[in-house]
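This report concerns only the one structure given below.
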Amino acid sequence: MEMFLPLGFEYAGVACGVRGDQGRLDVALFASDRPAVASGVFTTNKVCGAPVKVSRERLPRQTVRGVIINSGNANACTGERGLSDAKSMTQSLATQIGCDGDDVLVCSTGVIGRFLPLSKIEGAIASLWQQRAATLEGLDHASRAIMTTDTVPKIVSRRIHIDGKDVTITGVCKGAAMIAPNMATMLGVIMTDALVSSQAVQGMLKRAVDVSFNSISVEGHTSTSDSVIVLANGASGIDVSESRAFEVALTQVAQELSQKIIRDAEGAKHFVEVRIRGAIDHLQAQVIGKTIANDVLVKTAITGNDPNWGRIVSACGRTGYELSEAHMVLSINGLCIFDHGAPTDTDLSQVSAAMKTGEVVIELTLPFGHGEATIWTCDLTEEYVHLNADYTT
């Protein structure tokens, strides 16, 4: 898909040795050439990183000039020193930009419980600022600098026409594990040249995150570092505060980014879409969908291309809602295998063969109402266990 860059933004990524990997990009810059309206959504984990605390305190805001992100170290569970280090990162960049320190946001991702090598990061910030560019190459470098166990950078853009002019939305994210509903070890920066009020963009972002980053799961672990930040600098001159088309495009960017996380999940061999239809409301549908998506037995069955519908049906019974097997109609890849309390005569070998494509759609239909939700997840493989068993040693 063609990539578009919003007006007035510049990007850079450099290597400063946070990760210890020679030459690996590990510090990123996303900067606006003018004050931008900014909003954010952050982890719900009460154990959260220092950068989350600093950025969350500064948002929403109408004068943000940049976001600085390091990979390889989460700066989480690092006490007062961690907070001081996060603020120092923002102040060092602010000095380069010529703005107030509070007008810079910060994110970190990586290993928990280790102090930042602050001198290395601060030593690289001047280089980061000098190398910034309003180019796809600059954006690519920035997107690679925020990666941890990701295997590919994740970038999505949309361009829409409003009042005869172009408005562009471009987003970057990272994430491959420690991913659960209510966000996880994932960071996202979404930039737009639209003009929008802080109140409007905060509402749009929350709604978009609910059906994107809050609707994905790798293993059900909500991390310390999740942050999704939107910067809107108004360079296009088009006010989208009441634009439905803009919110749809913002949601599409968020959903595509979140799905890229699942497709790049550690060790994953299957991309899984869990669709819940006919629930009482969206909340019930989400709860049921997330319960299925996070169930280890369901995930391992998918790893083996095993259409073990009993695991899915029984998972639904522990959601806390009043529903029984008699309420459920269950299909996998369009093949109905369970219908109102009893298995169908569908050939399960045919279902298994369909699962081997690596694309699995689990659809559960209930009789309660019009509530719907879609959750994206993956299987759980031996490779995932190995990657996370050796993560710090």
Requested in this report: Please work out which one of (1) over 27 Å from the mean Cα position of the chain (by Cα); (2) closer than 27 Å to His370 by Cα; (3) open to solvent by 10 Å² or more (accessible area, probe 1.4 Å) is the condition Glu273 fails and give its number.
Outcome: (1)
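Considering only residues of the stretch 163-172 that are out of contact with any Asp or Glu (no Cβ under 6 Å at 6 or more places or on another chain) and at pLDDT 95 or above, which is most open to solvent (accessible area, probe 1.4 Å)?
Here the residue is Asp166.
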Report task. Pairs only if they're at least six apart or on different chains, beta carbon under 6 angstrom, first in the stretch 211-232 and over 21 Å from Asn70 (Cβ atoms), second part of a loop (DSSP other than H, G, I, E, B) and modelled with pLDDT of 90 or more; list them, first residue then second. Result -> Ala232/Ala194; Ala232/Val196
Requested in this report: Select from the stretch 183-228 the residues that are of a type in the set (S, T, N, Q), touching a Pro at 6+ places or on another chain (Cβ under 6 Å) and not in a loop (DSSP other than H, G, I, E, B) and write down the one among them that is modelled with the lowest pLDDT.
Outcome: Asn214
Report summary line: Glu359 fails exactly one of (1) within 21 Å of Val211 (Cβ to Cβ); (2) open to solvent by 50 Å² or more (accessible area, probe 1.4 Å); (3) at pLDDT below 95, namely (3)
Query raised in the report: Considering only the stretch 281-297, how many residues are β-branched (Val, Ile, Thr) and within 20 Å of the chain's Cα centre (by Cα)?
Result: 3
Query raised in the report: If only one of Ala293, Ala301 is within 16 Å of His270 (Cβ to Cβ), of a type in the set (A, V, I, L, M, F, W, C), in contact with a Gly (Cβ under 9 Å, 6 or more places away or on another chain) and surrounded by 16 or more Cβ atoms within 10 Å (Cβ to Cβ), which one is it?
Result: Ala293
Query raised in the report: Ser88 is checked against (1) touching an Asp or Glu at 6+ places or on another chain (Cβ under 8 Å); (2) over 20 Å from Arg144 (Cβ atoms); (3) at pLDDT below 95 and fails just one. What number does that condition carry?
Result: (3)
Query - Unmet criterion (only one of (1) closer than 26 Å to Gly203 by Cβ; (2) touching a residue at least 12 places away in the same chain (Cβ under 8 Å)) for Arg81 - result: (1)
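Scan the stretch 58-74 residue by residue and report those that are under 20 Å from Gly171 (Cα atoms), surrounded by 22 or more Cβ atoms within 10 Å (Cβ to Cβ) and in contact with a Gly (Cβ under 6 Å, 6 or more places away or on another chain).
Within the stretch 58-74, Ser71 is the sole residue that qualifies.
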**Report entry** Those residues of the stretch 116-148 which are surrounded by fewer than 21 Cβ atoms within 10 Å (Cβ to Cβ), in a loop (DSSP other than H, G, I, E, B) and at pLDDT below 95, in sequence order
**Finding:** Pro117
Query - Given (1) open to solvent by 20 Å² or more (accessible area, probe 1.4 Å); (2) assigned to a strand (DSSP E or B), index of the condition Lys46 fails - result: (2)
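Given the residues Pro51, Pro6, which is the only one that is surrounded by 24 or more Cβ atoms within 10 Å (Cβ to Cβ) and assigned to a loop (DSSP other than H, G, I, E, B)?
Pro6
For the stretch 76-115, what are the residues that are aliphatic (A, V, I, L, M), out of contact with any Cys (no Cβ under 8 Å at 6 or more places or on another chain) and open to solvent by less than 10 Å² (accessible area, probe 1.4 Å)? Show your work before the answer.
To start, the set of residues in the stretch 76-115 that are aliphatic (A, V, I, L, M) comprises 76, 83, 86, 89, 93-94, 97, 104-106, 111-112.
Keeping just the survivors that are out of contact with any Cys (no Cβ under 8 Å at 6 or more places or on another chain) gives 83, 86, 89, 93-94, 97, 104-106, 111.
Ala86, Met89, Leu93, Ala94, Val104, Leu105, Val106, listed by residue number.
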Query raised in the report: Could you say whether any residue in the stretch 308-329 is closer than 28 Å to Thr151 by Cα and either open to solvent by 40 Å² or more (accessible area, probe 1.4 Å) or within 24 Å of the chain's Cα centre (by Cα) (or both)?
Result: no
Report task. Look at the stretch 278-308 and say how many of its residues are over 18 Å from Asn333 (Cα atoms), in contact with a helix residue (DSSP H, G or I) (Cβ under 8 Å, 6 or more places away or on another chain) and not in a helix (DSSP H, G or I). Result -> 2
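Going by the structure shown, is Leu323 modelled with pLDDT under 95, in contact with a Gly (Cβ under 7 Å, 6 or more places away or on another chain) and not aromatic (Phe, Trp, Tyr)?
So Leu323 fails the test.
The values are calculated or read from the model by the stated rules, or taken from the named source; none is laboratory data. Since this is a predicted model, take the numbers as computed values, not measurements. Heads up, the Cβs are rebuilt from the backbone with ideal geometry, glycines too, and the neighbour counts pull from every protein chain shown. Keep in mind that these areas ignore ligands, DNA and RNA; they rest on the heavy atoms of the full protein, side chains included. Shrake-Rupley method; radii C 1.70, N 1.55, O 1.52, S 1.80 Å.
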